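Shown next, in structure tokens, is the structure this report addresses.
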Amino acid sequence: MPRESTGSIAGYCSSALNSLTPSQITFLQSLPKAELHAHLNGSIPVSVLQDLARESATIPGNIDSEAVQSGLEKLLNGIELREINEFFGLFPAIYALTSTPAALARATRSVLQLFLDGPTPECTYLELRSTPRATPHMTRRKYVEVVLHEIDRFNCTADGNGNGGTREKAALIVSLDRRMNAAVAKECVDIAVSMRKKGRKVVGVDLCGDPMEGDMEEFADYFRQVKDAGLGVTLHIAETTSNTPRETLQLLSFAPDRLGHATFLDDEAKAIVLRDKICIEICLTSNLLCKTVTTLDDHHIRYYLKNNHPIAICTDDPLPFRNSLLSEYALLLAERPFGLGLSEDEVRKVARGSLMGCFGLN
Ligand code: IMP
Ligand code: ZN
């Protein structure tokens, strides 16, 4: 089945990609690399959501079609955010379309194909993350089972040569949302730990969601349990200027293996991150479009590159951000003003770092 695109690549990363020569693009495509920070419901190709909307509309009273249509139109036309909070308002329309096991399975398949299929796959290995959601049609455990089933099916499908056999290409990170209450967070951690014990492809737990919400102290015990079970921990951290240094230190006390964004770390937090060599998941387009970073030149990636610190280049949410992993790498290689103007050797090193940061392959 052909890989579906999330729609056209647009904006900063598209300009960067268009500025490259064919041989530079081939170089980027040929680099082994891992996508470590992609949210399932933020990565569904818009064409798949349109199909799901058409199918749902035939079931009377099933979804609020008007709200979904207006959400889909926004995604099709390209979002323009004034600030990061507006970003989270995009998800209810998507969630309305992925609330049954069949729709979630379809969405998961399309995201696996988006990143891993085709003659020049976006990445060699994918750690896909998603927040278990209870809906009128499934429990949170069922949600995780559906996603894992698709990951297993994908890993076990015939390889490109038509031979059967397992290829370990994808794994799941279970996301906790900062807005979750204690009972729901506990349920999600219990699901992640029990799946791990059964040998399923859950490799880590993430903390995500609106950065202004939640009391992080409440999550300390859950992440201890996650670490005790041998799962990796990744935390969205210091995503906005409103995230306090106190909160950042609290999150660092959970001993995370990786950090998402880490945009506004103060000197004390940076010292810990450098000392413990905590891999930073860098999402260039996401930060620019959410306006937490003004220009590429101001991006904190430059600090980590200068310090020779492990980073992984990631897409975050290709659906609203209209990016791809290739175009995010193009932002590294493209000459200014389109990109950071790194050398091919420097980009190769970054790609290698993404593979070293995986929870599942180490
Ligand atoms: P899901 O976990 O598969 O449902 O993916 C969508 C969810 O990921 C959103 O509802 C947010 O909670 C979370 N998310 C996506 N992008 C970001 C981000 O940049 N910061 C924090 N949370 C995010
Ligand atoms: Zn994210």
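Can we say VAL226 is under 15 Å from the mean Cα position of the chain (by Cα), at pLDDT 95 or above and not hydroxyl-bearing (Ser, Thr, Tyr)?
Spelling it out, it is not the case that VAL226 is under 15 Å from the mean Cα position of the chain (by Cα), at pLDDT 95 or above and not hydroxyl-bearing (Ser, Thr, Tyr).
Name the residue that is farthest from ARG336 (Cα to Cα), counting only residues in region 279-300 that are among the β-branched types (Val, Ile, Thr), within 16 Å of ligand 2 (Cβ to nearest atom) and surrounded by fewer than 24 Cβ atoms within 10 Å (Cβ to Cβ).
Top of the filtered list is THR292.
Kindly establish whether ALA102 is surrounded by fewer than 16 Cβ atoms within 10 Å (Cβ to Cβ), in a helix (DSSP H, G or I), modelled with pLDDT of 95 or more and touching a helix residue (DSSP H, G or I) at 6+ places or on another chain (Cβ under 9 Å).
Working: surrounded by fewer than 16 Cβ atoms within 10 Å (Cβ to Cβ): yes; in a helix (DSSP H, G or I): yes; modelled with pLDDT of 95 or more: yes; touching a helix residue (DSSP H, G or I) at 6+ places or on another chain (Cβ under 9 Å): yes.
Against the criterion (surrounded by fewer than 16 Cβ atoms within 10 Å (Cβ to Cβ), in a helix (DSSP H, G or I), modelled with pLDDT of 95 or more and touching a helix residue (DSSP H, G or I) at 6+ places or on another chain (Cβ under 9 Å)), ALA102 qualifies.
As an exercise: evaluate PHE115 against (1) modelled with pLDDT under 90; (2) in a helix (DSSP H, G or I) and give the number of the one condition it does not meet.
So the condition that PHE115 fails would be (1).
Could you check LEU355 against (1) buried (at least 19 other Cβ atoms within 10 Å of the Cβ); (2) under 18 Å from the mean Cα position of the chain (by Cα) and say which number it fails?
Only one criterion is unmet by LEU355, namely (1).
Does any residue in region 190-213 that is under 14 Å from LEU36 (Cα atoms) come within less than 6 Å, Cβ to Cβ, of a residue that is assigned to a loop (DSSP other than H, G, I, E, B) and modelled with pLDDT of 95 or more six or more places away or on a different chain, and which pairs are these?
VAL203/PHE359; GLY204/LEU231; GLY204/PHE359; VAL205/LEU231
Does TYR143 meet the test of being at pLDDT 95 or above, buried (at least 19 other Cβ atoms within 10 Å of the Cβ), of a type in the set (Phe, Trp, Tyr) and more than 14 Å from ligand 1 (Cβ to nearest atom)? Write out each step before concluding.
Working: at pLDDT 95 or above: yes; buried (at least 19 other Cβ atoms within 10 Å of the Cβ): yes; of a type in the set (Phe, Trp, Tyr): yes; more than 14 Å from ligand 1 (Cβ to nearest atom): no.
No, not satisfied.
Could you count how many residues in region 227-263 are touching a helix residue (DSSP H, G or I) at 6+ places or on another chain (Cβ under 8 Å) and of a type in the set (Gly, Ala, Ser)?
Summing the residues that are touching a helix residue (DSSP H, G or I) at 6+ places or on another chain (Cβ under 8 Å) and of a type in the set (Gly, Ala, Ser) in region 227-263 gives 6.
Residues of region 258-281 being away from ligand 1 (no atom under 16 Å from the Cβ) and of a type outside the set (A, V, I, L, M, F, W, C), which ones?
Answer for region 258-281, where residues must be away from ligand 1 (no atom under 16 Å from the Cβ) and of a type outside the set (A, V, I, L, M, F, W, C): ASP266, ASP267, GLU268, LYS270, ARG275, ASP276, LYS277.
Output yes when any residue across region 44-62 is buried (at least 20 other Cβ atoms within 10 Å of the Cβ) and either within 16 Å of ligand 2 (Cβ to nearest atom) or of a type in the set (Asp, Glu) (or both), and no when none is.
Yes: one or more hits.
Take residues that are over 29 Å from VAL46 (Cα atoms) and tell me which of the helices (runs of 4 or more DSSP H) falling wholly in region 308-362 contain 1 or more. Break it down stepwise before answering.
Details: elements: 318-321, 325-333, 344-356.
Counting at least 1 such residues, we get 344-356.
Would you kindly identify the helices (runs of 4 or more DSSP H) lying entirely within region 135-235 that contain at least 2 residues that are touching a Lys or Arg at 6+ places or on another chain (Cβ under 7 Å)? Quick ask: steps written out before the conclusion?
On the way: elements: 140-156, 182-197, 220-228.
Per the criteria, 140-156, 182-197.
The values are calculated or read from the model by the stated rules, or taken from the named source; none is laboratory data. In this text the structure is predicted, and so the values were computed from the model without any measurement. Reconstructed Cβ throughout: ideal geometry from the backbone, glycine too, with neighbour counts over all protein chains shown.
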